[in-house]
1. Among the numbered conditions (1) surrounded by 22 or more Cβ atoms within 10 Å (Cβ to Cβ); (2) without any contact (Cβ under 8 Å) to a residue 12 or more places away in the chain, tell me where ASP424 comes up short.
2. Is it the case that LYS128 is free of Cβ contacts under 8 Å to residues at least 60 places away in the same chain and within 20 Å of the chain's Cα centre (by Cα)?
3. Does segment 264-276 hold any residues that are crowded, with 22+ Cβ neighbours inside 10 Å and in a loop (DSSP other than H, G, I, E, B), and which are they?
4. Within segment 4-18, can you find the residues that are open to solvent by 10 Å² or more (accessible area, probe 1.4 Å) and among the acidic types (Asp, Glu)?
5. When LEU361 is evaluated against the numbered criteria (1) modelled with pLDDT of 95 or more; (2) over 15 Å from the mean Cα position of the chain (by Cα), which criterion, by number, is the only one it fails?
6. From the set of residues in segment 149-174 that are of a type in the set (Gly, Ala, Ser) and open to solvent by 20 Å² or more (accessible area, probe 1.4 Å), which is nearest to ALA358 (Cα to Cα)?
7. Within the set of pairs 6+ apart or on separate chains, which have a first residue in segment 110-121 that is over 16 Å from SER394 (Cα atoms), a second that is among the charged types (D, E, K, R), and C-beta atoms under 6 Å apart?
8. Any residue that is crowded, with 19+ Cβ neighbours inside 10 Å, touching a helix residue (DSSP H, G or I) at 6+ places or on another chain (Cβ under 9 Å), of a type in the set (A, V, I, L, M) and part of a strand (DSSP E or B) - is there at least one of those in segment 125-148?
Amino acid sequence: MSTLFTNARLIDPAKNSDALGWVLVADGVIAELGYEAAPKADEVVDCGGKCLAPGIVDIGVKVCEPGERHKESYKTAGAAAAAGGVTTMVTRPDTLPAIDTPEVLEFVERRANEAAPVNVLPMAALTKGREGREMTEIGFLLDAGAVAFTDCDHVVSDPKVFSRALSYARSCGALVIAHPQEPGLSKGAAATAGKFAALRGLPAVSPMAERMGLDRDMALVEMTGAKYHADQITAARALPALERAKKNGLDVTAGTSIHHLTLNELDVADYRTFFKIKPPLRAEEDRLALIDAVKSGLIDTISSMHTPQDEESKRLPFEEAASGAVGLETLLPAALRLYHNGDLTLPELFRAMALNPAKRLGLNSGRLEAGAPADLVLFDADAPFVLDRFKLKSKSKNTPFDGARLQGKVLATYVAGAAVYRRD
């Protein structure tokens, strides 16, 4: 069975191109694509001039199985991902218990494959219980299917433990994903230090805490030669350290979240807890610096950092409320704000949301080329809508974009050439 997607605006991040063309899919992979006369196929999908791009590869998705299934399950997260054009979820190990043994990892893989219509690639914890004291069995976890190792927002504060874990990961060829932050400075912080946080009376942290954490990590990466990815760079002051590390030839990449690219500290307004995320939202100057870093390629990836929280943990005073926001369904329309503002082109956006994450994880997806998996998203970049959080497919509804005017609707999502979502 072959399917021809015709009359499509092909967004190709590898070639940095955006032009009308066609894609032929057969046996779950892209057979060929072009921009002139199209071949025949068993089925033809007329895309009506809308955008056809590689499916999003989202690094850092929290699915709350095991332990907090009332917040998010693989079934609901998978449905949300499909509706958001995310064809591969790279899931975090900050569950209850943490994913730190092959047995728990195998349980997660089995649940994901049963329930989610999209690809699910699990990460495993770097240290047991994410407690920063003793590293996990990295080799066994790799064999069980872990694609990377991270303690998420629990910083491994002991440099000796972290350096040993990095050295062992290097010997196995494993990727370590870290959260650059100086944990002593950032402990208990709910906002970024500055006039706004002072006026609101919120406990705050200087962006220098991120810079200090990244400086330490870069020194240890230089010492060990490990493969390293910073999960979120959110402060302009951290960018020079990242640039130096790349210029020095370290095997280092970095990501940022869509919330830090499209929102700033003033969006918290009068203690709106749906805007409380970790790291906290930064100043407008930081946001603009991050956009420039994505455009130049200094920051490699954009992710949703999907973190479901229930109403009870959000409907609290700002300082006490849980951090995090759901983002699987809002990642693409929020990212399209940057396109409509003229900050980034569509190929640049999909370089950061699909191609670069796939390359960092050694995947063949995230690109439009013959032989690549037919993981695709068809979307209308211009369709306006007002987001209603209660219509989200995630179990939790904690989105900062509730009631926001957005542009860009996913029309269909395909995994291995099969439709896993079609807009009604």
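The values are calculated or read from the model by the stated rules, or taken from the named source; none is laboratory data. In this text, all values refer to a predicted model and were calculated from it rather than measured experimentally. Positions of Cβ are backbone-derived with ideal geometry, glycine not excepted, and every protein chain shown enters the neighbour counts. SASA here: full protein model, heavy atoms, side chains in, ligands and nucleic acids out. Shrake-Rupley method; radii C 1.70, N 1.55, O 1.52, S 1.80 Å.
1. Of everything listed in (1) surrounded by 22 or more Cβ atoms within 10 Å (Cβ to Cβ); (2) without any contact (Cβ under 8 Å) to a residue 12 or more places away in the chain, ASP424 misses just condition (1).
2. no
3. Once the filter is applied, which keeps residues that are crowded, with 22+ Cβ neighbours inside 10 Å and in a loop (DSSP other than H, G, I, E, B), segment 264-276 yields only LYS276.
4. ASP18
5. Only one criterion in (1) modelled with pLDDT of 95 or more; (2) over 15 Å from the mean Cα position of the chain (by Cα) is unmet by LEU361, namely (2).
6. Result: GLY173.
7. Listed pairs, sorted by first residue: ARG111/GLU65.
8. yes
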